[in-house]
Every structure is written in C-alpha cells, then in structure tokens.
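So the structure is just underneath, and the comments pick up after that.
The values are calculated or read from the model by the stated rules, or taken from the named source; none is laboratory data. What you see is a predicted model; the values in this text were computed from it and never measured. A quick note on method: Cβ atoms are made from the backbone with ideal geometry, for glycine too, and the neighbour counts reach across all protein chains shown. Accessible surface is based on the protein model in full, side chains and every heavy atom, while ligands, DNA and RNA are left aside. Shrake-Rupley method; radii C 1.70, N 1.55, O 1.52, S 1.80 Å.
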Amino acid sequence: TQLPNTLHQLNKLIFLDINHNQLESLPETFIQLNRLVTFRISYNNLQYLPSDIHNIIWLEELSINNNQIKELPDSFSQLHLFLLDISNNPDITSLPELSTIQLRIDYKQYRKFENRCRHIRNLQIVIH
C-alpha cells in the first residue's frame, strides 16, 4: 500500500491518521505538509522516515509505534515534539538527541537507551 504522491496538495492539513495501512514508505512529497501538527502512522511496515522530516515545523505529535523502523534521522533533534511514540520498533539501534516532552518507548528500548532518556520530562514505558 502506498500513499498518493499528491498528498502534499493538502497543504492546510493539520491532522493525519493513517494507522493500520500496511504502508512501507512515505512519498517524498510528504514533508511538504508543513502545517501538519499530528501525524499518526502506527501499525504499518515503515522502515525509515524521511531525513528532512524536521521541515514539518508545526509537528507536535508523532506516533510511529509498531512499525519496522530501523533508525530515527538525526534531524529529529530539530523537532520540538510534545509526544513521540516509538514503542514496538525493535530494530531501532540508536536514539538521537530529543527535545520531546513526552516519549513512549517499550521496556527493551528503555533498557537500550536509558541514558538518552534521562532528560525527557515525561517518559512512558509501554509494556505489552
């Protein structure tokens, strides 16, 4: 399953929930949704996020849990998210510096990234 390449034409879109769609990638034009505030793309088959996702400057909530994400782009450090949910992405190998207020991770991720999580104001460990 793929999103249409014309998605970026919804330039006033602020909320996008595309959970449970078996998506494997996002179109290159996705980052042109620069007014997006909430983006939920959980329970898909994503392995990567666009490296220039930080260009979505209004993004406050990003839920990418239960995918196959292998790494978070370094540009994540430029995002000022209120909520980031990366739980149940067992292949994430590193965690960039985050200025996230609320981070949801699973217990295995917590054990792996414990030192990186100490500055997060609200850390939620999701146990399944």
(message) For the range 56-76, give me each residue that is outside any loop (DSSP other than H, G, I, E, B) and loosely packed, with under 15 Cβ neighbours inside 10 Å.
(response) ASP74
(request) Filter the range 101-112 for residues that are assigned to a helix (DSSP H, G or I) and buried (at least 19 other Cβ atoms within 10 Å of the Cβ) and give the result. (result) GLN109
(request) Kindly list, by first and then second residue, each pair from a residue in the range 66-81 that is within 19 Å of THR38 (Cα to Cα) and of a type in the set (D, E, K, R) to a residue that is at pLDDT 90 or above and part of a loop (DSSP other than H, G, I, E, B), limited to pairs with Cβ atoms under 8 Å and residues at least 6 apart or on different chains. (result) none
(message) Let me confirm something: among LEU84, LEU98, which residue is without any contact (Cβ under 8 Å) to a residue 24 or more places away in the chain, open to solvent by less than 60 Å² (accessible area, probe 1.4 Å), outside any strand (DSSP E or B) and of a type outside the set (Lys, Arg)?
(response) LEU98
(request) Within the range 1-43, work out how many residues are open to solvent by 100 Å² or more (accessible area, probe 1.4 Å) and of a type in the set (D, E, K, R). (result) 4
(message) Only one of SER94, SER87 is small (Gly, Ala, Ser) and touching a Lys or Arg at 6+ places or on another chain (Cβ under 7 Å). Can you tell me which?
(response) SER87
(request) From LEU103, LEU123, LEU49, grab the single residue that is under 12 Å from the mean Cα position of the chain (by Cα) and farther than 18 Å from GLN2 by Cα. (result) LEU103
